[in-house]
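Submitted below is the structure of interest, expressed as structure tokens.
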Amino acid sequence: MGVLRNYEFSFLSISFIISFSLQLMGAYLILRFYSIGLSFTEIGLITSVYMILTLPVDVPSSAFADKYGRLKIFAIGTLIYSLGLIGLSISSSRIFVFLSYGIMGIGLGIYSNTLEAWIVDSLNSREKVPKIFSRQQIVNGISGFLGNILAGILVLLYHKLNLPILVAGFIMLLTLPIALFSEDNKGEKTMTLPTQRIMKEGVKYVLSKRPLLALLVSSIFTVFPLVAWMQFVSPYVVNMLRFPQKYWGFILSAYFLTVALGGYINEKLLKRVNHRLITIFSVFLLSLFVLMLSISNLILILLLLFGLSLIYPIHSSNIISWENELIPSNYRATTLSSLSFIIRIVYILVPPLIGYLIDAYGYSFTYIAVGILSLVGVIPLVIAYEVKAL
């Protein structure tokens, strides 16, 4: 029991299980949707339904997390998410798939941001926070590698695209005892305000801080390449470029070793380069590589995906650190939820748009358009870089 009071151990253990489960599920999720007859537009729509259902619960659940304990609310959210995963795996009915994915969205809305708020306030050290998020990316890379390996083995042996999803649902339940037996924390100022008031306070704070607003604007632009890459690249490689489906999980596992390498490189970079500057360059490279996905060459695409897998953990860990240094402890979970609430609205709109562009104009046009748009997101980061952190 004592070891579970080690904040870093608990945080990294939970991160490992979450990442392992998500990658085990995600390796063949879009391919399964595609295999049951969903078009790219419908795949985008089901993702939007998923994101819509996070919205009503995200902000109030974070307020409850600040009041009653971050890990307690996290545990409730992961339980609901796991049940949604299990439901998603047992039926190919479109209605049931939409329903189960919606339950997962509710779970995500409840548990999102609570774990990050918990570890930031538990460590209570500006120097330690970038390091722990960098280590999280290493852990996520290793767990993603293992999750995709297992997904590939399950599909290779049993030829069932739903089996990795079912196993992922049960594995995610392992986060519950770790979360519940770890030392919890709360916000210094607890809140029981209505969701609208909470959102208003969070948005008001974001608007009052120019760097934080700039990060939000950049994050909105970054949604486009992330959706185009993460959600739609599997059918691109497997169905359009004819890569063998049964080996795709193994390729994804190699990419997640690259994610771990990215986390390791980031930890070394932080000793020499400011995390804000790293964030700027990572967004530029991410946008450039997504733009280059428009070149329909299988070998080049596979290499670019390695590059994206290397850059993504560097970007995500540093943008999180940058955001957290601008937000006070007493409103941390609530303000982060206000930010994610806005981003999720964008995630509701973007997937159907990307899916429509692919259906109507093809992958090459879509990746060119998305890559160029994403490059605009570098500008707000440069503006934010000129303003000192609090």
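The values are calculated or read from the model by the stated rules, or taken from the named source; none is laboratory data. All of these numbers come straight from a predicted model, not from anything done at the bench. Every residue, glycine as well, gets a Cβ built from its backbone with ideal geometry; the counts of neighbours run over all protein chains shown.
Report, ordered by the first and then the second residue, all pairs with beta carbons closer than 6 Å, sequence separation of six or more or different chains, a first member in the range 343-360 that is surrounded by 17 or more Cβ atoms within 10 Å (Cβ to Cβ), and a second member that is outside any helix (DSSP H, G or I).
ARG344/THR54
For LYS131, state whether it is of a type in the set (Lys, Arg) and under 30 Å from GLY37 (Cα atoms).
Working: of a type in the set (Lys, Arg): yes; under 30 Å from GLY37 (Cα atoms): no.
Against the criterion (of a type in the set (Lys, Arg) and under 30 Å from GLY37 (Cα atoms)), LYS131 does not qualify.
Still on this structure: Among the residues of the range 48-69 satisfying the criterion of being of a type in the set (S, T, N, Q) and either touching a Cys at 6+ places or on another chain (Cβ under 7 Å) or in a helix (DSSP H, G or I) (or both), which is surrounded by the fewest Cβ atoms within 10 Å (Cβ to Cβ)? Let's see the steps before the verdict.
Looking only at the range 48-69, we keep the residues that are of a type in the set (S, T, N, Q), and these are 48, 54, 61-62.
Subsequent filtering for residues that are either touching a Cys at 6+ places or on another chain (Cβ under 7 Å) or in a helix (DSSP H, G or I) (or both) retains 48, 61-62.
On the way: SER48: 20, SER61: 25, SER62: 33.
Here the residue is SER48.
From the list GLU386, GLU325, exactly one residue is surrounded by fewer than 22 Cβ atoms within 10 Å (Cβ to Cβ), of a type in the set (Asp, Glu), under 30 Å from ASN185 (Cβ atoms) and modelled with pLDDT under 90. Which is it?
That would be GLU325, the only listed residue that is surrounded by fewer than 22 Cβ atoms within 10 Å (Cβ to Cβ), of a type in the set (Asp, Glu), under 30 Å from ASN185 (Cβ atoms) and modelled with pLDDT under 90.
Could you identify the single residue in LEU291, LEU270 that is touching a residue at least 12 places away in the same chain (Cβ under 8 Å), in contact with a Gly (Cβ under 7 Å, 6 or more places away or on another chain) and surrounded by fewer than 22 Cβ atoms within 10 Å (Cβ to Cβ)?
Details: LEU270 fails: in contact with a Gly (Cβ under 7 Å, 6 or more places away or on another chain).
Answer to the selection: LEU291.
A follow-up question, please. Mind checking which residues of the range 239-292 are among the aromatic types (Phe, Trp, Tyr) and within 15 Å of ILE138 (Cβ to Cβ)?
Correct list: TYR255, PHE256, TYR264.
Filter the range 309-321 down to the residues that are modelled with pLDDT under 90 and either on the phi > 0 side of the Ramachandran plot or among the hydrophobic types (A, V, I, L, M, F, W, C) (or both) and list them by number.
Matches in the range 309-321: ILE320 only.
Output the number of the condition that LEU161 fails; it satisfies all remaining conditions of (1) farther than 23 Å from GLU323 by Cβ; (2) modelled with pLDDT of 90 or more; (3) in a helix (DSSP H, G or I); (4) aliphatic (A, V, I, L, M).
Unmet condition: (3).
Now for a different question. Take the conditions within 17 Å of ALA384 (Cβ to Cβ) and either of a type in the set (Asp, Glu) or touching an Asp or Glu at 6+ places or on another chain (Cβ under 8 Å) (or both) and apply them to GLU267. Does it pass?
no
Here is a list of conditions, (1) more than 24 Å from ARG135 (Cα to Cα); (2) modelled with pLDDT under 95; (3) touching a Phe, Trp or Tyr at 6+ places or on another chain (Cβ under 8 Å); (4) assigned to a helix (DSSP H, G or I), and PHE306 meets all of them except one; can you say which number that is?
PHE306 satisfies all of (1) more than 24 Å from ARG135 (Cα to Cα); (2) modelled with pLDDT under 95; (3) touching a Phe, Trp or Tyr at 6+ places or on another chain (Cβ under 8 Å); (4) assigned to a helix (DSSP H, G or I) except (1).
Here are the criteria: (1) out of contact with any Lys or Arg (no Cβ under 7 Å at 6 or more places or on another chain); (2) in a loop (DSSP other than H, G, I, E, B); (3) touching a residue at least 40 places away in the same chain (Cβ under 8 Å); (4) of a type in the set (Gly, Ala, Ser). Tell me which single one GLY202 does not satisfy.
Result: GLY202 passes all but (2).
From the list LEU99, LEU38, LEU45, which one is in contact with a helix residue (DSSP H, G or I) (Cβ under 9 Å, 6 or more places away or on another chain), surrounded by fewer than 24 Cβ atoms within 10 Å (Cβ to Cβ) and in a loop (DSSP other than H, G, I, E, B)?
When all the criteria are applied, what remains is LEU38.
Looking only at residues that are crowded, with 20+ Cβ neighbours inside 10 Å and within 19 Å of LEU22 (Cβ to Cβ) in the range 236-250, which one is modelled with the highest pLDDT?
It comes out as TRP248.
Next question. State yes or no: is LEU12 in a loop (DSSP other than H, G, I, E, B) and aliphatic (A, V, I, L, M)?
For LEU12, the condition - in a loop (DSSP other than H, G, I, E, B) and aliphatic (A, V, I, L, M) - is not met.
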